[in-house]
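Heads up, the thing below is written out as structure tokens.
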Amino acid sequence: MQHGKYRFIAGFLALPVILYAVFVISPFVQAIYYSFTDWTGLSSDYKMVGFKNYNWLLHDDLFWKAVGHNVVLLLVVPLVTLGLGLFFAFMLNVGGRGRKNSAISGVSGSSLYKVIYFFPQVLSIAIVALLFQFTYNPRNGAINAFLGGIGLDSLQQGWLSDPKLALWCLMAVMVWSNVGFYVVLFSAGMSSIPRDFYEAALLDGANRIKTFFKITLPLLWDTVQTGWIYMGIIALDAFAVVQIMTVGPGGPADSTQVMGYYVYTKTFHDGQAGRATTIGVAMLIVTLIFAVIVTRLGRRERLEY
């Protein structure tokens, strides 16, 4: 049984490892290499410039403004998205009144609500961004029309043209487009938690809030942690909503500039692909640091049931 075992394993692993190396590792290596060049992205001619691009990056004000916006997205979007996802999933699975056959159940019509919450996932982010661009339109958008219809004209805003509001409007779109996925994901996790746990907690006098923090959240922690990393990566990108929805794009007054769109600008507008790949390397480093921090801070003893 042991004869040829390693050759057998290597035979199965060879193709996936090669594909991973070619399509994942190789682009990273090439990006790091080109970050040390003055490549324009439009020709095959370039020369090595050492750490000149990185020195430029450290002193570029627009880059640091973009980093600041990405940090805000990184702090707000995952927290709000996962918080709403956990709340809605808890209500759909555990938050309803007890029924004859079970002391624990979701709210009435929970199956329909799951479909409704998941609907934004069916739409591409480009379609979602276009829909909300029309919604935020200051002249004939749905938000200002609604505010005007109920007599709150003073609250009407130029939502995407106000530097103080534009980034928050983008965050609202990112939350709306992603929360449904986590409602379904967390609902699947909660449905696998034995109902006996909740029934025992109710017999001991625990309310819904206490059962959430003492039973549901600890048993779903691995799923929440993975979702936090995934949402963090989405927040660090944010290219599509910035490109489609904002003035400029990236405006007004660079108030929605993010690293992902700055890479695009440097490559296709300025013809400075070497500097663009330098920003890409910085994004890679920030993403890895974020993943390590979330993994370290979120490390808990694994609970089994």
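A few notes on this one:
- Count of residues meeting criterion [surrounded by 10 or more Cβ atoms within 10 Å (Cβ to Cβ) and over 19 Å from I285 (Cβ atoms)] in region 14-36: 7
- For region 113-125, the criterion of being within 28 Å of I233 (Cα to Cα), at pLDDT 90 or above and open to solvent by less than 40 Å² (accessible area, probe 1.4 Å) is satisfied by no residue at all.
- Just one of the listed residues (L123, L152) is farther than 30 Å from R208 by Cβ and more than 28 Å from the chain's Cα centre (by Cα), namely L152.
- For region 203-249, a residue qualifies if it is of a type outside the set (S, T, N, Q), within 23 Å of S191 (Cα to Cα) and open to solvent by 60 Å² or more (accessible area, probe 1.4 Å), and the qualifying residues are L203, D204, G205, R208, I209, K210, F213, K214, D222, W228, Y230.
- Pair list, Cβ under 7 Å, 6 or more apart: region 174-188 residue within 12 Å of T223 (Cβ to Cβ), other residue outside any helix (DSSP H, G or I): F186/L220
- Region 250-302: number of residues that are within 21 Å of L160 (Cα to Cα), surrounded by fewer than 22 Cβ atoms within 10 Å (Cβ to Cβ) and without any contact (Cβ under 8 Å) to a residue 24 or more places away in the chain: 1
- L75 modelled with pLDDT of 85 or more and within 30 Å of F118 (Cα to Cα): yes
- Meets criteria (open to solvent by less than 50 Å² (accessible area, probe 1.4 Å) and touching a Phe, Trp or Tyr at 6+ places or on another chain (Cβ under 8 Å)) for P194: yes
- So G180, is it part of a helix (DSSP H, G or I) and either over 23 Å from W228 (Cα atoms) or acidic (D, E) (or both): no
- Any hit, region 58-69, residues being surrounded by fewer than 10 Cβ atoms within 10 Å (Cβ to Cβ) and farther than 23 Å from Y230 by Cα: yes
- On inspection, A145 qualifies as open to solvent by 30 Å² or more (accessible area, probe 1.4 Å) and either within 27 Å of L86 (Cβ to Cβ) or at pLDDT 90 or above (or both).
- Residues satisfying the stated conditions in region 36-74, i.e. farther than 30 Å from A172 by Cα, assigned to a helix (DSSP H, G or I) and of a type in the set (S, T, N, Q): N53, N55
The values are calculated or read from the model by the stated rules, or taken from the named source; none is laboratory data. In this text the structure is predicted, and so the values were computed from the model without any measurement. Note that each Cβ is placed from the backbone with ideal geometry, even for glycine, and that neighbours are counted across all protein chains shown. Each accessible area value is taken on the protein alone, full model and side chains, heavy atoms only, with ligands, DNA and RNA left out. Shrake-Rupley method; radii C 1.70, N 1.55, O 1.52, S 1.80 Å.
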